[in-house]
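The values are calculated or read from the model by the stated rules, or taken from the named source; none is laboratory data. What you see is a predicted model, and the numbers here were worked out from it, not measured in a lab. Because the Cβ atoms are built from the backbone with ideal geometry, glycine has one as well, and the counts that use them run over all protein chains shown.
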Amino acid sequence: MLLGRVIGQVVLCVVTPGLEGVPMLIVQPLDKMLKPKGKAIVAADATRMAGPGELVSYEGGREAAMALDPAFVPVDHAILAIVDGVNVT
């Protein structure tokens, strides 16, 4: 599970079949202390409910492609959940 914060959205002009209606969001990856880490990425929102400022869980690669319906659409990253909170000890 990877954590990130939604910082924006992408407006698509042409949509690949299977991705109709799936929001594309810009996500800033975070470390375990919720500090920004690396460059922002574009992720397909499998929850279809995440918005700017929200803490989300995302995956990359094959797992991302399997998270959407239909499975194996051409995406590199997908948002899987909206995270309510993180406790690090």
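For every residue, the table says whether it meets (1) out of contact with any Phe, Trp or Tyr (no Cβ under 8 Å at 6 or more places or on another chain); (2) assigned to a loop (DSSP other than H, G, I, E, B); (3) free of Cβ contacts under 8 Å to residues at least 60 places away in the same chain; (4) surrounded by 11 or more Cβ atoms within 10 Å (Cβ to Cβ).
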| position | (1), (2), (3), (4) |
| --- | --- |
| LEU12 | yes, yes, yes, yes |
| THR16 | yes, yes, yes, yes |
| GLY21 | yes, yes, yes, no |
| VAL27 | no, no, yes, yes |
| LEU34 | yes, yes, yes, yes |
| LYS39 | yes, yes, yes, no |
| ALA65 | no, no, yes, yes |
| ALA71 | yes, yes, yes, no |
| ASN87 | yes, yes, yes, no |
### Query
Mind checking whether some residue in the stretch 13-23 is modelled with pLDDT of 95 or more and among the hydroxyl-bearing types (Ser, Thr, Tyr)?
no
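Test ALA78 against the stated conditions and say whether it is free of Cβ contacts under 8 Å to residues at least 60 places away in the same chain, touching a helix residue (DSSP H, G or I) at 6+ places or on another chain (Cβ under 8 Å), assigned to a loop (DSSP other than H, G, I, E, B) and hydrophobic (A, V, I, L, M, F, W, C). Reasoning before the result, please.
Details: free of Cβ contacts under 8 Å to residues at least 60 places away in the same chain: yes; touching a helix residue (DSSP H, G or I) at 6+ places or on another chain (Cβ under 8 Å): yes; assigned to a loop (DSSP other than H, G, I, E, B): no; hydrophobic (A, V, I, L, M, F, W, C): yes.
Considered against the rule, which asks whether it is free of Cβ contacts under 8 Å to residues at least 60 places away in the same chain, touching a helix residue (DSSP H, G or I) at 6+ places or on another chain (Cβ under 8 Å), assigned to a loop (DSSP other than H, G, I, E, B) and hydrophobic (A, V, I, L, M, F, W, C), ALA78 comes out as no.
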### Tabulated pairs, the stretch 51-62, first within 11 Å of GLY4 (Cβ to Cβ) and touching a residue at least 12 places away in the same chain (Cβ under 8 Å), second in a loop (DSSP other than H, G, I, E, B) and β-branched (Val, Ile, Thr), C-beta under 6 angstrom, 6+ apart or interchain
LEU55/VAL83; SER57/VAL83
### Message
Which condition from (1) at pLDDT below 95; (2) under 12 Å from LEU2 (Cβ atoms); (3) not small (Gly, Ala, Ser) is the one that ASN87 breaks?
### Response
(2)
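When you go through GLY4, GLY8, GLY53 one by one, which is the residue that is outside any strand (DSSP E or B), within 15 Å of the chain's Cα centre (by Cα) and small (Gly, Ala, Ser)? Full working, then the answer.
On the way: GLY4 fails: outside any strand (DSSP E or B); GLY8 fails: outside any strand (DSSP E or B).
Among GLY4, GLY8, GLY53, only GLY53 is outside any strand (DSSP E or B), within 15 Å of the chain's Cα centre (by Cα) and small (Gly, Ala, Ser).
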